[in-house]
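Values quoted throughout were computed directly from the atomic coordinates according to the rules given, and no laboratory measurement underlies them. Note that the coordinates shown come from a computational prediction; the quantities given were computed from them, not determined experimentally. Ideal geometry is used to build each Cβ from the backbone, glycine not excepted, and the neighbour counts take in all protein chains shown.
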Amino acid sequence: MNRNIANCKINPAIPHPSYDRKRLVTRIVHLGCGAFHRAHQAVFTHHMLEKTGSDWGICEVSLFSGHRLIQQLKEQNYLCAIAEKGAEKTELKIIGSMIDALHPEFVGHKGILEAIAQPQVAIISLTITEKGYCIDAASGKLDVNNVLIQQDLANPTEPTSAIGYIVETLRLRYERNLPPLTVMSCDNVRENGKVAREAVVDFARLRDEKLAQWIELNVTFPCTMVDRIVPAATPESLEEIAEQLGVCDPCAITCEPFRQWVIEDNFANGRPNWDVAGAQFVKDVAPFETMKLRMLNGSHSFLAYLGYLAGYTHIADAMANPDYRQAALDLMLKEQAPTLTMPTGTDLFQYAHRLIERFSNPNLKHQTWQIAMDGSQKLPQRMFDSVTYHLANGSDYRHLALGIAGWMRYISGRDEQGKLIDVRDPLVDQFKSIYQQYGLSIDVVPTLLAVFGNPLSADPHFVQVVTEAYQLLLKRGACHAVATL
Ligand code: NAI
Ligand code: CS2
């Protein structure tokens with residue numbers, strides 16, 4: 001048997017679960033066992049279990065990639081190391097909240113559907129990325145032209161998409177008269193609970209009106225604001241953790257020490273007391289979510305596109321350039337903060353400065369390329385919504401415009417030295433054909449904006465300001481364009 005964190009002696013100074021894991025049962029099924037979930041919801045749940053006698057355990061599911069990770073989790077009894085890396089020190093811990101892990105390749109779609117249909121399961125949580133909701137950007141409704149959705153509508157009992165899985169498992173629960181549950185999105189999507197609800201109910205309605213009505217009445221979809229910077233694992237990050245553990249943990253994750261979770265308190269069938277682990281339950285998540293999406297994620301995308309183009313591999317590298325640092329702060333305070341309506345007492349100035357500090361953490365190797373991924377799914381909530389505000393108020397939005405132009409230049413697929421960029425986006429083929437037609441000429445700007453199907457895309461002022469920013473990028477490059485801000 002391979003040596004792993006479950007079967008060999010780990011340095012006792014590294015905190016291990018202090019609770020009896022045998023008491024845990026699968027009450028949460030998580031779809032999308034990626035890096036973020038392990039370093040966020042699984043950590044909150046772990047700390048909650050440290051402090052209470054609760055039995056909430058998590059069953060991990062990966063629907064697409066990740067079968068190897070699921071296998072590795074199994075081999076090490078679902079234990080996993082988390083390295084919280086600050087600018088000064090790293091804290092390593094082993095978490096124990098995960099108690100099962102499934103992949104369609106091992107258990108088939110049926111195995112997954114039946115796992116969620118177990119009566120004691122009360123929450124399906126999700127980190128399936130923005131594109132996993134299969135929502136049409138223009139209408140905000142389920143995208144019935146999405147390939148996976150079409151496939152699942154044709155063959156609903158053997159689903160492939162997360163939405164298809166959720167609806168089919170809810171059908172099983174409905175037909176078997178089982179208790180309802182909560183579907184809790186933890187993705188960086190604007191009003192993520194509402195989006196999940198829209199997708200699930202729309203899909204169910206296309207299958208069976210009665211099922212859709214049962215879901216509307218019985219299943220809840222709380223919105224959440226989730227925050228912790230979690231870069232994808234790399235051979236180096238795993239090696240570093242292995243040195244401290246004395247054994248390799250292929251499931252280990254490195255993240256920043258900061259974590260935040262604001263949750264709408266709307267659960268259909270009970271919930272863990274995540275508040276004892278630092279989460280906040282609130283009535284209305286929207287202000288927190290919008291603040292985070294615009295200030296953190298908006299400036300993250302800005303730094304990712306303009307940073308990548310300037311040759312910066314990691315966010316902290318871009319932050320070491322005073323022009324980028326100042327631009328990120330100005331974007332937050334001058335162009336994002338004014339668009340927000342926050343509860344009294346929220347200090348956006350302090351929030352922005354804390355973000356600058358977090359982004360500058362030199363030990364967190366967060367790749368600009370990783371954040372640049374899936375821009376077509378991210379820009380609306382991170383940048384476009386704020387531009388709408390500025391157009392209505394006649395205020396300046398030059399940082400946002402440069403960020404959007406940076407995205408356009410990035411998705412051309414060639415960097416400033418002419419080197420290929422590995423662009424990852426569900427619309428990558430569309431981008432390729434647009435660039436084949438226009439080359440790098442400024443005519444690409446209105447066409448790329450039109451992709452979003454947002455009324456904003458037709459606003460002449462917006463088109464002009466983005467075109468000027470794009471032109472500046474072409475002529476002088478990202479570093480110069482950021483410096484001129
Ligand atoms: P990851 O790449 O490690 O994991 C993504 C997971 O989503 C994988 O399990 C993958 O199988 C699944 N997935 C991908 N496309 C899917 C689809 N179309 N349908 C169903 N499942 C799909 O990424 P990571 O870092 O875990 O991030 C996932 C999401 O978590 C992000 O997109 C974001 O919404 C949210 N998030 C991430 C943070 C981070 O710093 N990494 C922080 C806050 C939120
Ligand atoms: C990032 C986020 O990958 C991205 O798009 O902006 O995942 C970011 O790291 C998190 O939202 C931080 O909470």
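Quick one: grab the alpha carbon gyration tensor of segment 126-225, order the square roots of its eigenvalues as a ≥ b ≥ c, and give me rounded if a/c is under 1.5, else prolate or oblate depending on whether a/b is larger than b/c. It comes out oblate by the Cα gyration axes. Taking 30 Å as the straight-line reach from the Cα of Lys378, the lysines in range (excluding those fewer than 8 positions away in the same chain) are Lys85, Lys131, Lys141, Lys194, Lys283, Lys292, Lys334, Lys365, Lys419, Lys432, Lys475. How would you classify segment 286-484 from its alpha-carbon gyration tensor, with a ≥ b ≥ c the square roots of the eigenvalues: rounded for a/c under 1.5, else prolate if a/b is greater than b/c, otherwise oblate? Oblate shape, in that a/c is at least 1.5 and b/c is the bigger or equal ratio.
Fully extending the segment from Asn266 to Val147, taken as 0.36 nm per residue of separation minus the present Cα-Cα distance, adds 39.7 nm. For segment 88-128, the residues whose amide N sits under 19 Å from a probe point set 7 Å from the Cα of Ser18 along the beta carbon direction are 91-98. When the inverse distances between all different Cα atoms of segment 1-151 are averaged and flipped, the Kirkwood radius reads 16.9 angstrom.
Taking K and R as +1 and D and E as -1, what net charge do the other residues with C-beta under 15 Å from the C-beta of Pro446 add up to? Before the final figure, lay out the partial values.
Values: positive: none; negative: Asp443, Asp459, Glu468.
Around Pro446, the surrounding residues sum to -3.
The angle between the Cα long axis of helix 428-438 and the longest principal axis of the Cα atoms of the chain comes to about 10 degrees, rounded to the nearest 10.
Charge tally for Leu181 (other residues, Cβ to Cβ under 11 Å; Lys, Arg +1; Asp, Glu -1): +3.
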